[in-house]
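The structure appears below as structure tokens.
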Amino acid sequence: MMTYLSGESDLVVPSYYEAIFQHAADAIFVVQPGGVIREANQAALTLTGYSRSELKNILFCSICKGIATCVEEASCTGCFFNHQSLSSFEMQIRAKDGRQYPVTASAATLPEDPLGCMVIVIRDMSQLQRTERERHHRLVTNKIIQAQEEERKRVSRELHDGVGQALYSILIGLKVINHLPLDDEKKRHLLDVQAMVEQTLDEVKNLATDLRPSALDDLGFLPAIRSYAKKFEATFGIKVELVVKGPKRRYSSTVETALYRIVQEAMINAAKYAATDKIKLSLIDTTAEVRLFIEDFGRGFDPSQVEGEGTGLGLYGMKERAALLGGALRIESAPNEGTMVYVRIPIDREGESVHADEGTHRG
């Protein structure tokens, strides 16, 4: 049998309702007029950090930091007892350690209690608010990444179709002029200009590819990463081994873009910091998920010391890319033991991410 903490005018409650009271997920306080706490369940003790004996006969106002309708902090308890019931309101609870928690609450006077005690039911909203902030952060991050990729694609196409084509036309014109009867000095000068245009054209093509390789959109992740690996080998002198297990298929644009950017970032980091002569890429498609391993055999590092550093996306950005698609990214490394980046993204039979955040779509 359960009674209130105070012995005065105790109300006996059947054990069935006592079990409900004590095991309820929400915090429940029984408060008498004037604000003295008569009883509190286990959830209330957990929320406030007080023991049952500590809560005995203290004022509810000592843990309440005000509700939305309070004119001043000291009037909180009065607000409850100005009404027979309040169906829903927001307030702040102050725990024993001084921390404050946002909560939603409801209050109702016990109709059969001679003292006119009120039951206040409180639900902790701090976890819900953290979850909502995290969801909002992921949504904003996803929108930023999508906008970034769209802008990369636009600039890449403009460089290729606009500037690149203009330079190619100039190059053709120079070659036509080169066939005209010219003296040796003019021919040498013309050849120098032609060489500069060819070099500039190559630089524009490379820049367009770095921004957004057309192979990624036209052919898919595997052809794009093979092309990138060849260019990477030529640029850095690091051998790249690519191993593919499972079906060789297209994935959604968001999945392919995430995988490509993660590989790009991991390989650039390896070239800059790992002092390695080989990188191994392993792509495993299990139909239910795609797994990607990027492994170097260099000097390694302590991941906890460099989290969030690096250029471009950085380690934090790589994890964000995977998380936005319901996946995960893990980095394993230690000094002198190389580095392995492991990515896992759940997908369906059509290659779409099955757990993509709101706002993530096939681009």
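Below are the figures for this structure:
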| item | result |
| --- | --- |
| Cα extents of the stretch 145-217 along the three principal axes, largest first (Å) | 55, 17, 14 |
| Interchain or long-range residues, amide H under 5 Å from K96's placed H | G49, Y50 |
| Cross-link reach list, lysines versus K186, counting only Cα pairs under 18 Å and skipping chain neighbours closer than eight places | K175 |
| Interchain or long-range residues, amide H under 5 Å from I347's placed H | E289, V290, V354 |
| Ordering of 171-178, 210-217 by burial proxy (mean other Cβ atoms within 10 Å per residue, highest first) | 210-217, 171-178 |
| Distant-in-sequence amide H partners of R38 (H built 1.01 Å from N, under 5 Å) | V30, V31, Q32 |
| Mean residue ellipticity (222 nm) of the chain, computed from DSSP H runs ≥ 4 via -39,500 (n - 2.57), nearest 500 | -13500 deg cm²/dmol |
| Per-peptide average of other Cβ atoms within 10 Å, ordering 101-114, 20-33 highest first | 20-33, 101-114 |
| Ranked packing of 267-275, 142-150, most packed first, by mean Cβ within 10 Å | 267-275, 142-150 |
| ³J(HN,Hα) computed for each position of the stretch 135-149 - Karplus, 6.51 cos²θ - 1.76 cosθ + 1.60, integer Hz, glycine/proline x | 4, 5, 4, 5, 5, 5, 4, 5, 4, 5, 5, 4, 5, 4, 5 |
| Scattering curve values for the chain, log₁₀ I(q)/I(0), Debye with Cα scatterers, q = 0.09, 0.14 Å⁻¹ | -0.73, -1.05 |
| DSSP-defined beta bridges in the stretch 216-359 - what % are antiparallel, rounded to 5 | 75 percent |
| H160 - accessible surface, heavy atoms, 1.4 Å probe, Å² rounded to 10 | 100 Å² |
| Accessible surface, 1.4 Å probe, highest first, among residues E18, E256 | E18, E256 |
| Semi-axis lengths, Å, the stretch 182-276, gyration tensor of Cα atoms, sqrt of 5 times eigenvalues | 35, 17, 11 |
| Per-residue HN-Hα couplings for the stretch 103-120 [Karplus 6.51, -1.76, 1.60; θ = phi - 60°; Hz; x = Gly/Pro] | 9, 9, 9, 9, 9, 8, 6, 6, x, 9, 8, x, 7, x, 5, 10, 9, 10 |
| Solvent-accessible surface (1.4 angstrom probe) belonging to R344, in square angstrom, nearest 10 | 70 Å² |
| For the stretch 225-314, Kirkwood radius (reciprocal of mean inverse C-alpha pair distance, Å) | 14.0 Å |
| Per-residue HN-Hα couplings for the stretch 162-172 [Karplus 6.51, -1.76, 1.60; θ = phi - 60°; Hz; x = Gly/Pro] | x, 4, x, 5, 5, 5, 5, 5, 4, 4, 4 |
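The values are calculated or read from the model by the stated rules, or taken from the named source; none is laboratory data. Only a predicted model underlies this, so the values are computations on that prediction, with no experimental measurement involved. With ideal geometry, Cβ positions are generated from the backbone for all residues, glycine too; neighbour counts draw on all protein chains shown. Note: accessible area is taken over every heavy atom of the protein model, side chains too, but ligands, DNA and RNA are not part of it. Shrake-Rupley method; radii C 1.70, N 1.55, O 1.52, S 1.80 Å.
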